[in-house]
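The next block holds one structure in the form of structure tokens; read it before the comments.
The values are calculated or read from the model by the stated rules, or taken from the named source; none is laboratory data. This one's a predicted model, so the numbers in the text were calculated from it and none came from an experiment. Glycine also receives a Cβ, built like all others from the backbone with ideal geometry; neighbour counts cover every protein chain displayed. Note: areas computed on protein heavy atoms with side chains; ligands, DNA, RNA excluded. Shrake-Rupley method; radii C 1.70, N 1.55, O 1.52, S 1.80 Å.
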Amino acid sequence: MAKKELLKQLPSVDEALKGHQGHVWLDQHARPHVVAAIREAIDGRRKSIIEGKSTEASLESLIPDIGAVLKSKSSLSLKKVINATGIVVHTNLGRSPLAASAMDNIVNVARGYSNLEYDLSEGKRGKRHSHIRRLIRETTGAEDGIAVNNNAAAVLIALSALARGREVIVSRGELVEIGGSFRVPAVMNESGAILKEVGTTNRTHPHDYEKAITENTALILKVHQSNYRIRGFTSEVDISGMAGIGRRHNIPVMFDMGSGCLIDLKKYGIHEEPTVSDAINAGADIVTFSGDKLLGGPQAGIIAGAKTYIETISKHPLARALRIDKLTLAALESTLMAYADPDKAVDAIPTLKMLLAKPEDIQARAKKLGSLIKKKSGANVKAEVVEDFGYSGGGALPDMKIKTCAVSVLIEGLTPNAIEERLRLSEPAVIGRIKDGMMLLDCRTINDSEMDAVAGIVAAVVRK
Ligand SMILES: *Cc1c(COP(=O)(O)O)cnc(C)c1O
């Protein structure tokens with residue numbers, strides 16, 4: 001048939017809507033999505049016919065195309081993925097999965113009304129921050145605390161409230177950039193505080209801080225180096241040294257800790273990460289940290305410290321702009337509650353559980369995943385257990401290589417990059433990593449309930 005004839009035979013949008021399948025789509029989807037999908041599929045087919053790539057013009061033949069477009073138009077953009085990278089606090093993959101109690105509390109608070117800003121005992125207006133003050137005090141040892149949108153917001157509001165128009169002393173070795181555009185000098189600038197750099201990149205001494213103090217000094221700031229380390233000929237003043245200097249000159253000392261570890265992990269074999277209460281005990285006046293890094297809760301920035309500073313910060317106009325929402329607050333309160341018993345917390349909080357998982361347990365999971373894959377995929381797939389090293393992520397413990405275990409997936413006729421892409425484009429997406437030419441699925445971050453799904457997705461990739 002001539003192209004012209006074929007093009008004439010293409011159905012109209014109206015015809016597609018009126019057909020049986022049109023009614024089914026309209027039942028299940030929003031009308032604008034259905035109309036747009038039909039139009040897009042017809043346009044696509046018109047182009048194929050003109051280019052000589054298709055000789056079909058019936059409505060029947062268009063139904064799968066329309067269905068595919070409709071599926072992509074009406075599926076949500078933000079969705080679950082399976083983290084097979086082994087990086088526990090993976091910022092691109094949403095950082096910390098929440099504890100069950102935190103999720104339950106979100107649903108509970110979201111479903112109806114709550115006492116978010118209502119004091120039930122007094123029957124009048126209450127404070128949003130009242131719900132977590134006690135828990136911040138108990139988990140950090142600080143006198144008081146509040147939470148805001150994230151740790152970047154915590155640093156911004158603290159500097160704005162305590163140091164606008166005045167000087168903040170920071171070591172040159174701590175003027176760091178954390179992924180995703182958090183740069184200490186830029187945040188400082190935005191807050192209106194004046195950055196006073198001291199020391200050198202590799203060495204800063206107590207007298208560097210002392211010499212920089214003037215009557216215009218508002219704050220001495222320490223920043224956790226998070227995702228990098230300086231090695232070799234180095235020297236830094238620790239938080240207790242800085243607190244001593246601050247006390248002598250009557251200047252508050254603030255510590256941006258980044259990750260916010262709340263329990264001593266030495267007992268569980270991790271020695272590198274100081275806790276927030278260590279910093280408070282050492283004399284830090286204000287400590288800021290993230291809710292969704294090592295802490296294992298929702299995105300939030302927690303500010304813990306002396307009452308007078310927390311009060312000044314909570315009265316700053318930015319407090320309203322950066323305030324935490326009720327769903328986050330619900331998750332944060334539950335997560336902090338779980339820390340009351342550290343031994344239970346390391347089991348109930350997924351981030352800690354995955355980070356502290358025993359190598360032999362990860363290996364057992366890898367063996368299980370390997371055999372599930374072999375069972376579902378057949379002979380042209382090789383799934384071998386390999387030992388490897390991973391990192392915690394989230395700017396915590398950058399020096400610590402943690403022993404982990406992965407399944408290397410080899411599929412006949414596919415390169416590791418092709419396997420990686422197909423797994424990534426699956427539903428749900430499986431995000432693994434390629435190392436030494438192997439496609440690895442790291443079992444530290446795949447949870448037990450995802451095993452079957454991962455094996456099924458690998459099998460589907462093989463069949464494609
Ligand atoms: C991660 C980090 C931040 C930013 O925290 P967010 O919660 O991502 O806003 C700031 N400072 C340090 C030292 C960090 O490690």
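Against the longest alpha carbon principal axis of the chain, how many degrees, from 0 to 90 and to the nearest 10, is the axis of helix 130-140 turned?
70
With a cut-off of 8 Å between alpha carbons and a minimum separation of six or more residues, what is the relative contact order of the chain in percent?
Values: 839 pairs, mean separation 86.7, N = 464.
Reported relative contact order: 19 percent.
Among VAL170, THR351, THR140, pick out the residue whose Cα is farthest towards the positive end of the charge dipole of the chain, where Lys and Arg carry +1 and Asp and Glu carry -1 on C-beta, about the Cα centre.
The residue sitting farthest along the positive end of the dipole is THR351.
State the three equivalent ellipsoid semi-axes of the stretch 96-202, derived from the C-alpha gyration tensor as the square roots of 5 times its eigenvalues, in descending order and whole Å.
35, 18, 13
Can you pull the Rg over Rh of the stretch 255-369, Cα-only, Kirkwood? The partial results should precede the final answer.
Working: Rg = 16.3 Å, Rh = 15.7 Å.
Taking Rg over the Kirkwood Rh, I get 1.04.
5 Å is the cut-off here: which amide hydrogens, built 1.01 Å from N in the peptide plane, fall below it relative to ASP144, excluding neighbours closer than 5 in sequence?
Those qualifying (amide H under 5 Å, at least 5 residues apart or on another chain) are GLY305, LYS307.
Counting only heavy atoms of protein chains, what accessible area per residue, in Å², does the stretch 1-65 have with a probe of 1.4 Å?
65
Around CYS443, which amide H atoms from residues at least 5 apart in sequence, or from another chain, sit under 5 Å from its own amide H, with H modelled in the peptide plane?
CYS405, ALA406, VAL407
Can you give the three extents of the C-alpha atoms in the stretch 1-82 along their principal axes, from longest to shortest, in whole Å?
The Cα atoms of the stretch 1-82 stretch 46, 30, 16 Å along their principal axes.
Please report, as a whole percent, how much of the solvent-accessible surface of the stretch 48-118 comes from carbon and sulfur atoms (probe radius 1.4 Å).
On the way: 2460 of 4350 Å².
Roughly 56 percent, rounded to a whole number.
Where does the Debye-calculated log10 I(q)/I(0) of the stretch 335-384 sit at q = 0.14 Å⁻¹, using only Cα point scatterers of equal weight, no solvent?
Those come out to -0.52, one per q.
Kirkwood hydrodynamic radius (Cα pairs, Å) of the chain?
25.6
Read phi for every residue in the stretch 54-67 and hand back ³J(HN,Hα) as whole Hz from Karplus 6.51 cos²θ - 1.76 cosθ + 1.60, θ = phi - 60°, with x for Gly and Pro.
Values per residue, Gly and Pro as x: 9, 10, 10, 9, 6, 4, 3, 6, 8, 4, x, 4, 4, x Hz.
For the stretch 278-294, just list the computed ³J(HN,Hα) in residue order, Karplus coefficients 6.51, -1.76 and 1.60, θ = phi - 60°, integers in Hz, with x standing in for Gly and Pro.
4, 5, 5, 4, 6, x, 4, 7, 9, 10, 10, 7, 7, x, 10, 8, 4
Return the ratio Rg/(2.2 N^0.38 Å) for the stretch 326-461, where Rg is computed over Cα atoms only.
Numbers: Rg = 16.7 Å, N = 136, 2.2 N^0.38 = 14.2 Å.
Dividing the Cα radius of gyration by 2.2 N^0.38 Å gives 1.17.
If you take the Cα Rg of the stretch 185-335 and divide it by 2.2 N^0.38 Å, with N the number of residues, what do you get? Could the numbers behind the result be given before it?
On the way: Rg = 16.4 Å, N = 151, 2.2 N^0.38 = 14.8 Å.
In units of the globular-protein estimate, the stretch 185-335 measures up at 1.11.
When a/c is below 1.5 the answer is rounded, else prolate if a/b is larger than b/c, else oblate, so apply that to the stretch 57-112 with a ≥ b ≥ c taken from the square roots of the Cα gyration tensor eigenvalues. Kindly include the intermediate steps, with their values, before the conclusion.
Values: a/c = 4.88, a/b = 1.93, b/c = 2.53.
It is oblate, given that a/c is not under 1.5 and a/b is not larger than b/c.
Give the peptides 21-34, 105-118 in descending order of average Cβ contacts within 10 Å, highest first. Don't skip to the end; give the middle numbers.
Numbers: 21-34: 14.6, 105-118: 13.0.
Ranked by mean Cβ neighbours within 10 Å, highest first: 21-34, 105-118.
Does the stretch 144-217 come out rounded, prolate or oblate by the C-alpha gyration tensor, with a ≥ b ≥ c the root eigenvalues, rounded set by a/c under 1.5 and, if not, prolate when a/b is larger than b/c and oblate if not?
Verdict is oblate for the stretch 144-217.
What is the angle, in °, between the Cα long axis of helix 31-50 and the longest principal axis of the Cα atoms in the chain? Nearest 10 is fine, range 0 to 90.
60
Provide the three semi-axes, in whole Å and in decreasing order, of the ellipsoid equivalent to the stretch 383-464 as defined by the square roots of 5 times the Cα gyration tensor eigenvalues. Before the final figure, lay out the partial values.
Working: eigenvalues 106, 40, 27 Å².
Ellipsoid half-lengths, sorted descending, are 23, 14, 12 Å.
When the Karplus curve 6.51 cos²θ - 1.76 cosθ + 1.60 is applied with θ = phi - 60°, which whole-Hz ³J(HN,Hα) does each residue of the stretch 356-369 get, with x for Gly and Pro?
Once θ is set to phi - 60°, the couplings for the stretch 356-369 become 9, 4, 6, x, 5, 6, 5, 5, 4, 5, 5, 4, 5, 5 Hz.
Could you pull the Rg and Dmax for the stretch 91-152, using just the Cα atoms, both in Å?
14.3, 43
Taking the Cα centre of the stretch 171-260 as origin and charging only Cβ (+1 Lys, Arg; -1 Asp, Glu), how large is the dipole, in debye to the nearest 20? Present the calculation step by step, with values, prior to reporting the outcome.
Details: 10 positive and 10 negative charges, 41 e Å.
So the dipole magnitude of the stretch 171-260 works out to roughly 200 debye.
Expressed as an acute angle from 0 to 90° and rounded to the nearest 10, what is the orientation of the C-alpha long axis of helix 326-338 relative to the principal long axis of the chain?
The angle comes out near 60 degrees.
Taking H as built 1.01 Å from N, whose amide H comes closer than 5 Å to the amide H of SER235, not counting residues under 5 places away?
ARG203, THR204
Do you know the relative contact order of the stretch 225-310, to the nearest whole percent, from alpha carbon pairs under 8 angstrom that are 6+ apart?
Numbers: 115 pairs, mean separation 23.1, N = 86.
Once divided by the residue count of the stretch 225-310, the mean separation gives 27 percent.
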